[in-house]
Amino acid sequence: MVSTPETVETVESATGEYKYGFTTEIESEFAPKGLNEDIVRFISAKKNEPGWLLDWRLKAYRLFEERRHEEPAWANVKHPPIDFDDAYYYAAPKQTEKPQSLEEVDPELLRTYEKLGIPLKEQEWLAGVAVDAVFDSVSVATTFKSKLEKMGVIFCPISEAVQTHPDLVRKYLGSVVPVADNLYATLNSAVFSDGSFVYVPPGVRCPMELSTYFRINAAETGQFERTLIVADEGSYVSYLEGCTAPQRSQHQMHAAVVELVALKDAEIKYATVQNWYPGDKDGKGGIYNFVTKRGACRGANSKISWTQVETGSAITWKYPSVLLQGDNSVGEFYSVAITNNYQQADTGTKMIHLGRNTSSTIISKGISAGHGQQTYRGLVRISGKAENARNFTQCDSLLIGEQCGGHTVPYIEARNRTAHVEHEASTSKISDDQLFYCRQRGMSDEDAVALIVNGFCKEVMRKLPMEFAVEAQKLLGISLEGAVG
Amino acid sequence: MSAAQPEGKAPMLEIRNLHVAIEGKEILRGIDLAVAPGEVHAIMGPNGSGKSTFAYVLSGRDGYEVTEGDILYDGKNLAEMAPEERARAGLFLAFQYPVEIPGVAVSTFLRAAVNASRTYRGEDELDAVAFLKLAKAKMAELEMDEKFLSRALNVGFSGGEKKRNEVFQMTMLEPRLAVLDETDSGLDIDALRIVADGVNRLRSPDRASLVITHYQRLLDYIVPDRVHVLAQGRIVKSGGKELAQQLEKKGYAEFGTAA
Amino acid sequence: MTEQATTDPAAGARALAEAFAARRADLPGAGLPWLDALRAGAIEAFAATGFPGVRVEEWKYADLNPLAGTAFVPARPRANGIDAGGAAALGPVEAPCHRLTFVNGALRPDLSDLDGLPDGVTVAGLADALAARPDLIEAHLLDPRGLEEARLSGRRDKRPFALAALNAALAADGAVVEVAPGVALDRPLHLQYLAMPGAEPEMSHPRNLILLGDGASATILESYGSAGPGVYWTNAVTQIALGRGAALAYLKHQAEGADAFHVGAVYATVERDARLSSFLFASGAHRARDEMRVRLAGEGANCRMDGIYLARGRQNLDIWTRVDHVRPHGATAETFKGVVAGSASAAFQGKIHVAEGAARTDARQLNRNLLLTDTARATSKPELEILTDDVKCAHGSTVGDLDRAALFFLRARGLDEAQARRIMIEAFIADELEAVADPALRGYFRAAAEGWLAAELAEETGR
């Protein structure tokens, strides 16, 4: 939403002049590089946000300034210190012209789309080809939107929700991931660009995967996405983020925050397929993906499941977690992560058992090849009052080659004797015998690896929404190209 | 010692003075063999004679080095072909110890294998429905429970189930040259009969089989055209099916102990 | 618990540095240039980082503040009460052992028993060895200045070794055991550390060296206990070096007094085809940290690590292990079981690190914890760092109460709840005691476990 000159005047008079003298360019598409309080105000003004939200951002920004030199150092990832001032925090200038047709698109990219089985029309959209407004999917989107409206489901960009449903946003924003939670969440709270807001009213079962709708309509994913999903009593929603097609970004660092709130008897399923640009074969370039995701099972009998397929990014740092506050609540985490070439991932989950009779299931499958380094880091905490808590964790690592690494660091902290916590982990490789068996049946090395890896990840892949399962399986194969042989 | 040349037909498989070493140690010391289409040859021998080495070098397993001699399949030098190329050209190995692949269903695996060959031959791939129909028909012939299709490949299979699964794969892939490595070991008499029936159903003027076995029993059901005795890395005797019965009576003692 | 604790760990560290300065000239080996330099460097290393706090990942669950906040004086020798027979009675009575006894960290030849030590086996006190054979000690004593924790992220951290550095600075005595190549020690050797606390909190820093030549074998029991109540601190470091093909059964019994602090670190290097089997039984002290680091330095090196930790009352027991596989064909089997009662807490952290060159490694790790009361706490962190693919590694961890179905079954057969619980807890522990190969030594530990359990159950029913 572009601010009108009147709004700018109002803001200016209320808060004093912008220090950096670019007010005359309020119509411009971007703020200059760097991070300071005026940029935060600029972002808020551009979005025409109410005062409470600006205050919220400013508090976060000031906290960030105090802590910006304390990047978390305990994760098993190596990267040079991030220069937070060397980035655009609002709408970087576009550097390239849009391609006019698929013929102008990088053939390597097209080859990947083919392998994933993505239909031609979608390839155009994904590659940023300048398409006409008349596009099949637009009508599909309209049908979905009206259906959702009829059921009272709110699904819109968060910036829109701030205008149309401010009370809802204000009630829940920052309630699951507090501003002070970690450095990247603090930064995100100050400068978040946009993201999804979903609210499902009591008793409503969202009629479709919010994935499909989202995929067709999503604009280029912002650097600081902020998503908030609230499932009211007895409701159900299934949401899918991301896509299998390799995604480039003009930003090196992505720091998203996702908050889920499930009230009594409600269920939220959140699936992610992440294939951000992982860097080239020598580890140059590639996106840093630092994400804070947390769900709160606030009400009794509520349930939150996280499913993720992480194949991209140069560095992944994320721990989708569930706070099991309500009695009988259930948390689930299913993950497949691939690190090939020089990718690094330190990922896992936290299941915090607070209520009674809570249970959590963690299934993590990590595959490492090339010089990839991957760590599963999980926390299962059973608090003193969490009677009868149950956890089952299974972490398996598949290593391919002599130079990759697969590490497992589970923390199990139990303070209640009625708890039952069980954790198993194993590390193995694709054996030469298995590869030879497949090849003797006519499969190429690559097909064999894809087949075996999919078998290894089966339990997790089964949890994905149907329409993504097939693409995701192909994605696993593509991500491991060159790993064997 | 050389196998008798078949009359008339050009051999599908021709092995000339084959020497094979594993990590520098010579196991096969000059094998000559010719197998024509339509024929079933049995390779028998005491433990350690090199029978499995023979099977592995034909199928192209890493670590088995041809140090001298040739293996020609349809006139082409097999040693230059990768394992999957040999498979797509119609060579099938029924493993003595089939490996487990967790999480991969028998049907998923086999469909990938079947379609790899079909694509190579320029045929359309089988979709799930067509594949299932074909698989069920073959399984019925082999008296196999359909539940096998959804089990993870060889995981938790008994010895007999693994062998039957190998023959099932063979009947689905319809190879031109089948190499059966001790397919009879671990089978009771009923399973043996079923497996042999499966192999026999594939017999045709265009196809050939190499049946590697220690015991004569299987050869009552899969009647060979030629029998060769492999001892200490060489074929020391060849003959007709009677040779197998003689070996059953007298054992391998006359051929010396394993190297 | 004598309330002497201040809340300033930094002050505690400074006080120790001052204690060193005061004592350095009197320590054994003073005047040996290499040792003076090592001790000086060691105290600097300790002072640079102080007591490792909760922010140091490896010491996260150790909770050393009460230790750091207490002022300790060097332990004084005390003679009262005990004779050689008495010392023997405190050890494994059914397993006749050679024995070296220390009281308050100082060697007591009068209480020891080294009769009939076979040829090729040399056992001496550290102070004596520094006088008689300083070259031997120089060759083997670990220089703490070189000790760093290597993290996967590439960072190197000296803080986890702060207390080992303090030990190097202040060590006044300990045991030096050498078994010559090919020699088998005929009977177990018991290194017995007894504390006789005084009015003030006292500290000792024993340093043990256990050196087995190629093909040598031995069984060594290292025990820590107290002959009276009071606050004291044992800060021990034991170095183990196993030559090619050597075999060592190493058993550690941590049964320090109820008000004591125990920090014990074992650093072992296992060469090609050698085998280390270690067994830890930890039930004593108010706060204890038992650490084991094993480096499987040669091909085919093998390590079996077992242990039982029993915590009750308000104890805090911290078990920390790390096994480094650096060469191929190594194997590790690690099993630790814990029982936590009262309002105690116990933590197990086990790290297995398989380096890039360690193909064909087989490593297994299992940790099982039983919580007996509503206020007991257990933490488990079994960690795998694997940097090559041709390996088989697995670990498992469980935390929970006794299986209710099994309890019900026993009760349905006529046992009351207390009897049923007792049987199941005994079974849980007994299972792990099987790791002690020598039946007489197993009996010694079983008696210790039974004593613990009896005291705990009595307290529970008394509640």
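Values in this text are rule-based calculations from the coordinates and carry no lab data. The structure displayed is predicted, hence computed values, not measured ones. Ideal geometry is used to build each Cβ from the backbone, glycine not excepted, and the neighbour counts take in all protein chains shown.
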task = For region C:9-402, evaluate the Debye formula with one uniform point scatterer on each Cα (no solvent term) and list log10 I(q)/I(0) at q = 0.14 Å⁻¹, rounded to two decimals.
result = -1.33
query = Could you give the dipole magnitude of chain C about its Cα centre, charging the beta-carbon of Lys and Arg +1 and that of Asp and Glu -1, in debye to the nearest 20?
reply = 740
message = Let me spell out the model: positive unit charges on the Cβ of Lys and Arg, negative unit charges on the Cβ of Asp and Glu, origin at the Cα centre of the protein assembly as shown. What dipole size does that give, in debye rounded to 20?
response = 1720
message = At 222 nm, what value in deg cm²/dmol follows for chain C if DSSP H runs of at least 4 each add -39500 (n - 2.57) and the sum is divided by all its residues, to the nearest 500?
response = -7500 deg cm²/dmol
query = Each residue of region B:216-222 in turn: what ³J(HN,Hα) in whole Hz from Karplus with 6.51, -1.76, 1.60 and θ = phi - 60°, glycine and Pro shown as x?
reply = 7, 3, 4, 6, 5, 9, 9
remark   = Within the under-10-Å Cβ sphere about A:W56, not counting A:W56, Lys/Arg +1 and Asp/Glu -1 give a net charge of +1
inquiry  = Can you classify region C:365-431 as rounded, prolate or oblate using the Cα gyration tensor, where a ≥ b ≥ c are the square roots of its eigenvalues, rounded means a/c under 1.5, and otherwise it's prolate if a/b beats b/c and oblate if not?
reply    = prolate
request  = At q = 0.19, 0.23 Å⁻¹, what is the base-10 log of I(q)/I(0) for region C:106-212 according to the Debye formula with one equal point scatterer per Cα and no solvent? Please give it to two decimals.
outcome  = -1.08, -1.30
message = Using DSSP H assignments, which helices in chain C have an axial alpha-carbon span of 15 Å or above and a mean Kyte-Doolittle hydropathy of 0.0 or higher?
response = C:9-23, C:33-49, C:417-433
ask   = If r is the Cβ-Cβ distance from C:A71 to A:K284 and R0 is 60 Å, what FRET efficiency results, to the nearest 0.05?
value = 0.60
inquiry  = What do you get for GluC sites (Glu not before Pro) in region C:344-440 restricted to DSSP loop and a cutoff of at most 16 other Cβ within 10 Å of the site's Cβ?
reply    = C:E356, C:E434
ask   = Counting only other chains, what is the mean number of Cβ atoms within 10 angstrom of the Cβ of each residue in peptide A:400-408?
value = 6
note = Measuring from its Cα centre, region B:13-248 shows a charge dipole (+1 at each Lys and Arg Cβ, -1 at each Asp and Glu Cβ) which, in debye to the nearest 20, is 160
inquiry  = Quick check on region A:107-479: take the gyration tensor over C-alpha atoms, sort the square-rooted eigenvalues as a ≥ b ≥ c, and tell me if it's rounded (a/c under 1.5), prolate or oblate.
reply    = oblate
ask   = Hey, if you put +1 on the Cβ of every Lys and Arg and -1 on every Asp and Glu Cβ in chain B, which of B:A130, B:T171, B:L28 ends up farthest toward the positive end of that dipole?
value = B:T171
key: Set A:K463/B:K136; A:K147/A:K269; A:K365/C:K60; B:K162/B:K249; A:K365/A:K474; A:K284/C:K158 screened for pairs whose C-alpha atoms are more than 23 Å apart   = A:K463/B:K136; A:K365/C:K60; B:K162/B:K249; A:K284/C:K158
request  = Within 10 Å of each Cβ in peptide B:103-109, how many partner chain Cβ atoms are there on average? Round it to a whole number, please.
outcome  = 5
note = Charge tally for neighbours of C:A169 with beta carbon under 15 Å away, counting Lys, Arg as +1 and Asp, Glu as -1, is +1
ask   = What value, in deg cm²/dmol to 500, does the helix sum -39500 (n - 2.57) over DSSP H runs of n ≥ 4 give at 222 nm once divided by the residues of chain B?
value = -10000 deg cm²/dmol
ask   = When Cβ neighbours within 10 Å are restricted to other protein chains, what is their mean count per residue of peptide C:352-359?
value = 2
Residue among C:L209, C:V326, C:G400 farthest towards the positive dipole end of region C:9-402, charges placed on Cβ = C:G400
message = Could you give the length gained by full extension between A:V470 and A:S146, i.e. 0.36 nm per residue of separation minus their alpha carbon distance, to one decimal place?
response = 113.8 nm
ask   = If you plug each phi of region A:154-163 into the Karplus form 6.51 cos²θ - 1.76 cosθ + 1.60 with θ = phi - 60°, what whole-Hz ³J(HN,Hα) values come out, in order, with x for Gly and Pro?
value = 9, 9, 7, x, 5, 5, 6, 4, 4, 7
Listed residue (A:L109, C:P52, C:L107) projecting farthest to the positive dipole end of the protein assembly as shown, Cβ model = C:L107
request  = Work through the residues other than B:Q246 whose Cβ is under 13 Å from its Cβ and net out their charges, Lys, Arg +1 and Asp, Glu -1.
outcome  = +1
key: Antiparallel content of DSSP bridges confined to region A:107-479, in %, to 5   = 5
ask   = When only DSSP loop residues count, what chymotrypsin sites (Phe, Trp or Tyr not before Pro) in region C:281-351 have their Cβ near at most 12 other Cβ atoms within 10 Å?
value = none
remark   = Averaged over all viewing directions, the convex hull of the alpha carbons in the protein assembly as shown casts a projected area in nm² of 56.8
